[in-house]
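Report on one structure; see the data block that follows.
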Amino acid sequence: HYLNSIGRADIGLDIELHKKMPIGSGLGSSSASTVAGLFAIKTLLGDDTDPIKLLPFAMKGEEMACGHGHADNVAPALLGGFVLIRSYEPLDVVRLPHPEGLYCAIVFPDVDVPTREARQIIRNKIFMKDAVTQWGNIAGLVSGLFMQDIDLIGRSMKDILVEPVRSMLIPDFYKMREIAMESGAVSFGISGSGPSVFAFTRDEATAKMITQKLQQHLTGIKIGSNGYVSTINDAGPKVIG
């Protein structure tokens, strides 16, 4: 689709992907692969198309990978930072600012939570009172990002619709939340459809400590894990070699 759009349907490409993130982790690995492939081809062909115009093609790749062409993961992977998907018809995405020094601690437990299965258990109907609460939290999160208010971000990152269901697929989810919050996390939640979990922190040292404590807890219940600590990537994809 992308090659057709730039008038280069006459060529074919073989891509070798060195994927340094686990599949089925809830970390958006399929989106990362899609965006990496698109960006590599764009760079190779010297195409100066604005990255935002690549988004529909990235969504098509996401659809092929997991059955639904949403922009939740490909948009931030392509554009960097926090991204709000305001609308799909028409497609309207908005990049959001965030406080400086915000870190993310991520732990990927070695358990299998297929994305399709995690989607199937989500309720089709919700109570109005729950919807109102969730909308308030979303508004609070966006406001907190714009105001650089980490406390407001933390208070707003409470998912009462999806997390209570998907958390059942993640061993000791609420115990891990307790450990993270008592160790200084700003917030704690499920990454994507799981099983990865994440915590936002105010500094790198706290993020590293939380990652270590969560991995130690998982080891104690005989579950292996991988841990990651990162700042917020505002740049999107880039050429590194």
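Laboratory data are not the source of any read-out in this text; all were calculated from the coordinates shown. Bear in mind the structure is a predicted one, so any value in this text is a computation, not a measurement. Neighbour counts run over all protein chains shown; Cβ positions are idealised from the backbone, glycine included.
Things worth noting here:
- Mean Cβ count within 10 Å, highest first, over the residues of peptides 29-35, 88-94, 153-159: 29-35, 153-159, 88-94
- Phi-based couplings in Hz for the stretch 102-107 (Karplus 6.51, -1.76, 1.60; Gly and Pro marked x): 6, 10, 10, 9, 10, 10
- Between Asp110 and Tyr228, the simple spin-label model (points 7 angstrom out along Cα→Cβ) gives 1.8 nm.
- Proxy reagent accessibility, fewest Cβ within 10 Å first, across His68, His18, His98: His18, His68, His98
- The charge dipole of the stretch 103-231, taken about its Cα centre with unit charges on the Cβ of Lys, Arg, Asp and Glu (plus for the first two, minus for the last two), comes to roughly 320 debye.
- Anisotropy class of the stretch 103-231 from Cα gyration tensor, a/c 1.5 cut: oblate
- Separation of alpha-carbon centers, the stretch 84-111 and the stretch 52-70, rounded to whole Å: 16
- Taking other C-beta atoms within 10 Å as the exposure proxy, Met176, Met168 rank Met168, Met176 from fewest upward.
- Prolate/oblate/rounded call for the stretch 25-100, Cα gyration tensor, a/c under 1.5 rounded: rounded
- Binning all Cα-Cα separations of the stretch 153-223 at 5 Å, short to long from zero, yields these whole-percent fractions: 3, 17, 29, 27, 17, 6, 1.
- The charge dipole of the stretch 2-96, taken about its Cα centre with unit charges on the Cβ of Lys, Arg, Asp and Glu (plus for the first two, minus for the last two), comes to roughly 220 debye.
- Percentage relative contact order, the stretch 103-231, counting C-alpha pairs under 8 Å, at least six apart: 40
- Cα-based shape type of the chain, given that a ≥ b ≥ c are square roots of the gyration tensor eigenvalues and the cut on a/c is 1.5: prolate
- Relative to the longest principal axis of the Cα atoms of the chain, the long axis of helix 55-66 lies at roughly 60 degrees.
- Rounded to 10°, Cα long-axis angle of helix 173-182 versus longest principal axis of the chain: 80
- For the residue pairs Lys20/Lys42; Lys53/Lys125; Lys60/Lys208; Lys125/Lys175; Lys19/Lys213; Lys19/Lys42, alpha carbon separations beyond 24 Å are given by Lys53/Lys125; Lys60/Lys208; Lys125/Lys175; Lys19/Lys213.
- Cut-off 11 Å between beta-carbons: net charge of the residues surrounding Gly189, Lys and Arg +1, Asp and Glu -1: +1
- Over the chain: helical MRE at 222 nm, DSSP H runs n ≥ 4 each giving -39500 (n - 2.57), nearest 500: -12500 deg cm²/dmol
- Along the axis of the charge dipole computed for the stretch 103-231 (Cβ charges of +1 for Lys and Arg, -1 for Asp and Glu, origin at the Cα centre), the listed residues Thr133, Thr201, Phe188 are led at the positive end by Thr133.
- Folded to 0 to 90 degrees: helix 128-147 orientation relative to the chain principal axis, Cα: 70
- Dipole moment magnitude, nearest 20 debye, the chain about Cα centre, only Lys, Arg, Asp, Glu C-beta charged: 460
- Taking other Cβ atoms within 10 Å as a rough exposure proxy, Leu169, Leu218 sort from fewest to most as Leu169, Leu218.
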